[in-house]
Structure formats: C-alpha cells, structure tokens
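Contents: one structure, followed by commentary.
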Amino acid sequence: MCDACGCSTHTHDHSHDHSHDHGHSHSDQDSLIVDINKSLFAANDAMARSNREHFEADGIVTINLISSPGSGKTTLLEHTIEKIGKEFNIGVIEGDIETERDAERIRAKGVPVIQLTTGGACHLDASMIHKGFHQLQKEPGGDAIDLLVIENVGNLVCPSTFDLGEHQRIVLVSVPEGPDKPAKYPKAFTSSDVFLITKTDLLPYFDFPIPEATKEALGLNPKLTVMDFSSTTGEGFEPWLDYLRDLVNNRKKASGS
C-alpha cells in the first residue's frame, strides 16, 4: 500500500530496545501522523472541489469507477463506448500502478484517454485528476467532453477515501468475487452512489446470490442504485446506459447547453 493514505504508517519494527532516550514519545509521533493525514485530506478535498467546479463550468459530468482488480471496469467502458459513444462525447482518465494497457484498449474505441500511472500508490487523488484532465483536454476531442469517466486503480480500500471531484461514484463487484464485498469493504459502498454487479453471465458457475449482496449493500447505504448485468452479453445493460444518458442530459440542462 502507500504512505499517502496511512496504510503503512505503523509498519515499523518495535523489536528494538527502548531503554535509550528517544527525545520523543509515541503519543507525539502519533499526533504528528494524524496532523499530516488531516493536512493531506484537507488539501485533497480542496483540490476535489476545484476539479468539480471546473467540470461544471465546462458542462461535464464526471463519474469515478472503483473496484477490485479484474471486476471488469475496462470491459464495461469498452461496451459503454460502443453503445452510446455516438450520442455524446466521452473522455476517460485511466488509473493504474503501471502500464498503459487499459488506455490502449480505450483509445482503440476512438475516444480521448489519458493514462495515469501511480508508480505504486494504491489510488488516484484529486491533484492527479487535475493534471490528467488538462492533459486530456489537449487530446483530439478532449476539449468537447460531455461525460468524463475516471477508472480508478483496482482496489476497494484507498480509492473510497479520496474525493476526486466526481459527481457520482460507482462501485463494481463481479460475480466471481463473491457477494460478501459490501460487508468486507463497507466504505466503498457508503461512499458510492451506484453499485454494479458485473459478469452476471457467470452466475451459473459461482455462488453469488444477488438479493443477498444487494440487501447487504443497501443496509450500509439505502441511497445506492443497484444494477446487475453482463457487459459481454449485454443482458441487463440498458439500465446502465439510461443512467448515463440521464446524467449527461441533466448536466446539459443545468449548464444551459
């Protein structure tokens, strides 16, 4: 994990001898860590607000996709672009620890895309999005985006903590992962607006009771919109597309465009 979100702030070895004088106490050290983290999150939240204001000024609606690795975020994007890419302009910011493979897949669909590689950090933050968005605007078609999709780093922990300036956060869980993710990673669901259950074409091969997963997720966040579908077969896909259409049309009405 990364130091930025506090994942490794207490991983040092306590086996050394404490008989010598450190000149500080662990309470002081803990206070310093808390202060640094508070400052970090305050700065991120300020940048996220700035991002959101920028998106709204440009009439762009922004969504942030979070999930474990392999849940099908990129496949979801590919099929979404194929279905509604001619109805309005889509731009994508891809987040990964390394490689541009996902960006290459999206670029092949003919939409502007920027790859952000974090070099080890387990999430994107608002500052990365600020820089990435300005890079995206320089890409062909990047100056006329209606829907900006941020595909976050594959992880259900850290991305749920960082506001990027998005209007909607979508959490994905695929059928092979099992139905217990809401119980195990509650922050991902309490901080999201939409819960997508993906790869439903694999239901015959895995024990994934959709009503159970839905009930647990809504128990954590009753305001969640829940959808289940297969991006590959297209079964159940239309409600997702209608949801995106509504987001874009409502944003256009709000901006008067």
Legend entry - Between the range 73-139 and the range 223-238, the Cα center-to-center distance that results, in Å: 21
Inset, instruction - List the equivalent ellipsoid semi-axes of the range 59-210 in whole Å, largest first, each obtained as the square root of 5λ for an eigenvalue λ of the Cα gyration tensor. - result: 25, 18, 14
Inset, instruction - Only residues of the range 153-169 count here: report those whose backbone N is under 17 Å from the spot 7 Å along Cα→Cβ of Arg49, or say none. - result: 162-167
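Between the DSSP loop rule and a limit of at most 13 other Cβ atoms within 10 Å, which trypsin sites (Lys or Arg not before Pro) in the range 45-129 are left?
Answer by residue number: Lys86.
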Legend entry - In range of the label at Arg245: residues from the range 191-233 whose backbone nitrogen is under 19 Å from the point 7 Å along Cα→Cβ: 226-231
Inset, instruction - Can you send over the carbon and sulfur percentage of the accessible area for the range 109-149, probe radius 1.4 Å, protein chains only? - result: 47
Legend entry - Estimated distance in nm for a label pair at Glu100 and Gln168, the labels positioned 7 Å out from Cα along Cα-to-Cβ: 3.0
Inset, instruction - Using a 1.4 Å probe over the heavy atoms of the protein chains, calculate the carbon and sulfur portion of the accessible area of the range 154-218 as a whole percent. - result: 55
Legend entry - Separation of the Lys184 and Lys138 label points, Cα + 7 Å toward Cβ, nm: 4.1
Inset, instruction - Sequence neighbours fewer than 8 away in the same chain don't count; with that in mind, list the lysines whose C-alpha is under 27 Å from Lys252. - result: Lys73, Lys83, Lys86, Lys109, Lys131, Lys138, Lys223
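The values are calculated or read from the model by the stated rules, or taken from the named source; none is laboratory data. Being a predicted model, the structure only gives us computed values, none of them experimental. With ideal geometry, Cβ positions are generated from the backbone for all residues, glycine too; neighbour counts draw on all protein chains shown. Heavy atoms of the whole protein, side chains included, go into the accessibility calculation; ligands, DNA and RNA do not. Shrake-Rupley method; radii C 1.70, N 1.55, O 1.52, S 1.80 Å.
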